[in-house]
Amino acid sequence: MTELALILVSTVLVNNFVLVKFLGLCPFMGVSRNVDTATGMALATTFVLTLSAVCSYLANEYLLQPLGLEYLRTITFILVIAAVVQFTEMVVHKTSPLLYRVLGIFLPLITTNCAVLGVALLNTQEQHNFLQSAVYGFGAAIGFSMVLILFSAMRERIAAADVPVPFRGSAIALITAGLMSLAFMGFSGLVKG
Amino acid sequence: MDFGNYSSPHFPVSGSVATMMRHVLFALLPGSICMTWFFGPGVVCNLVLAALTAICSEAGMLYLRGKPVRSTLADSSALVTGILLALALPPLAPWWIPVIGTLFAVIVAKQLYGGIGYNPFNPAMAGYVVLLISFPLELTLWPAPHAGLGLSDTLALVFLDTLPAGMDLDTLTMATPMDSVRTRLGLEQTIPMMQDGELFGLVGAGGWEWVNFWFLIGGLWLFKARVIQWQIPASMLCALAGMALVFYLLDPETHTSPAFQLFSGAAMLGAFFIATDPVSASTTPTGRLFYGAGIGILTYIIRHWGGYPEGIAFAVLLMNMAAPTIDYYTQPRVFGKSGDET
């Protein structure tokens, strides 16, 4: 139990996927212009990330390893992620049209989020078991969502600021992301190892 | 003769940025003097270097951006940034430490966002964190209280990196109390064991408690002068003391007392002068309570479990990040409307 809690704290704060590991930067920069879309993206990513972490663990453990096909790991995981995203999209479309409309384009976009593949690969690298993989994926998703929503609220404020012309848009957003990353350095050492 | 007809209300005019910043500088005075008394002329050296760099870099940026230089500089906000950063820096640091820190604070953290009123992060703390991460060794150069290094020796050390014969940096400097407690807890020592040493003063750490006391006085005066509101300092100090109290009561052997937490590090400077920065803090009354409490809790977490002995700077930056979101969810009800209408 303590170990799972440590994994959660570690992925959310100490090794935050966006600000410390620098994964998933494309949606972080791309869909953070306003809070509502960022919240939608955060929800969709949380769901997919957790599910795909579990699915790729299962694929790795019961398909690739017994057959000795570890060299196909990356491509299998990409396939698994794409399938999970498609599946999620279909289920959400049928069961909750409202949620489907809120998430909209963000669902298929998640396929290209490198944090999703990163979580799956890191899970096999760290040799997590089933439950650890699930918590790792969920923690990564929570960390991603939290940072994305905070960042989008900051960007809404910066959009109104008198930023020097050469720094407008993505430039100042990247500087802000850098400063956020600096602040997250404060969490280093919170979880040993 | 001009007998203008002024309509009511006849309140004294106050609250311009310039008067506010001057109040802040004045309130910092007792604490700065106390720091100089304990830690020597290095403090003044840092203050002068940082203040000069702040003014020059702000003027340079304003000039480059084609903004009015003189009138904007007159609000002294850059000066306050420099002074706050200098007070956080160790007095024996080489001259380029305050210079680099202030350059980053004023140029990147403030002017690139459009100058005063737009910076989402507290510039002084952004500068400090950059220094702390880039030059960790130089930022440990705190002398022991009353180390007895004179003005000329300090200047030689800061600018030429030379020490008087027979002295070396290790004998001159001492781990700050927060750092020292951390290290000794790591060595399986308990708090009561440390209490016989010279580390502890009346309530906090020797020397530091007086610095904190004078910053507290300055802060209370700022509150009385209505430059700052009560919410942020009160909730921050309460949260920090509350966290400390809970863990102290659970296990006084390995946790320092709330008084030690409040009076040994940068808690008072942080609570009254840094967290209350009107631009980067939360702006709604309820939001300010959450903002302050967040800083207090994060500070304790970083101090106690994190990798750094002092967590105020990180906690302030982290809550700066959260401030727009806090504001978003704590907007006060518009007068005349019920809560569920928007």
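Structure notes:
- Residue within the stretch B:258-274 that is of a type in the set (S, T, N, Q), within 14 Å of chain A (Cβ to nearest Cβ) and within 22 Å of A:Met185 (Cα to Cα) present: no
- Restricting the stretch B:303-328 to residues that are modelled with pLDDT of 90 or more and in contact with an Asp or Glu (Cβ under 9 Å, 6 or more places away or on another chain) leaves a set whose member that is surrounded by the most Cβ atoms within 10 Å (Cβ to Cβ) is B:Val316.
- Of the numbered criteria (1) in a loop (DSSP other than H, G, I, E, B); (2) within 14 Å of another protein chain (Cβ to nearest Cβ); (3) surrounded by fewer than 21 Cβ atoms within 10 Å (Cβ to Cβ); (4) modelled with pLDDT of 85 or more, the one B:Ser282 fails is (3).
- The listed residue being at pLDDT 90 or above, closer than 17 Å to B:Trp142 by Cα and not small (Gly, Ala, Ser), out of B:Leu25, B:Leu29, B:Leu87: B:Leu87
- Here the stretch B:227-256 is the region considered, the condition is being among the β-branched types (Val, Ile, Thr) and more than 17 Å from B:Trp305 (Cα to Cα), and the residue that is surrounded by the fewest Cβ atoms within 10 Å (Cβ to Cβ) is B:Val227.
- Listed by position, the helices (runs of 4 or more DSSP H) inside the stretch A:99-193 whose residues that are within 11 Å of another protein chain (Cβ to nearest Cβ) and closer than 30 Å to A:Tyr57 by Cβ number at least 2 are A:130-159, A:170-184.
- Hey, B:Leu289 away from every other protein chain (no Cβ under 14 Å), assigned to a helix (DSSP H, G or I) and not basic (Lys, Arg) or not: yes
- Residues in the stretch A:62-87 that are of a type in the set (D, E, K, R) and touching a residue at least 40 places away in the same chain (Cβ under 8 Å): A:Arg73 alone.
- In the stretch B:292-302, the residues that are surrounded by 24 or more Cβ atoms within 10 Å (Cβ to Cβ) and either more than 13 Å from chain A (Cβ to nearest Cβ) or free of Cβ contacts under 8 Å to residues at least 40 places away in the same chain (or both): B:Gly292, B:Gly296, B:Leu298, B:Ile302
- Within the set B:Ile83, B:Ile133, B:Ile97, the sole residue that is in contact with an Asp or Glu (Cβ under 7 Å, 6 or more places away or on another chain) and either part of a helix (DSSP H, G or I) or surrounded by 22 or more Cβ atoms within 10 Å (Cβ to Cβ) (or both) turns out to be B:Ile97.
- Any chance B:Thr162 is surrounded by fewer than 22 Cβ atoms within 10 Å (Cβ to Cβ), away from chain A (no Cβ under 14 Å) and not acidic (Asp, Glu): yes
The values are calculated or read from the model by the stated rules, or taken from the named source; none is laboratory data. These figures come from a predicted structure and were not determined experimentally. All Cβ positions, glycine included, derive from the backbone under ideal geometry; neighbour counts span all protein chains shown.
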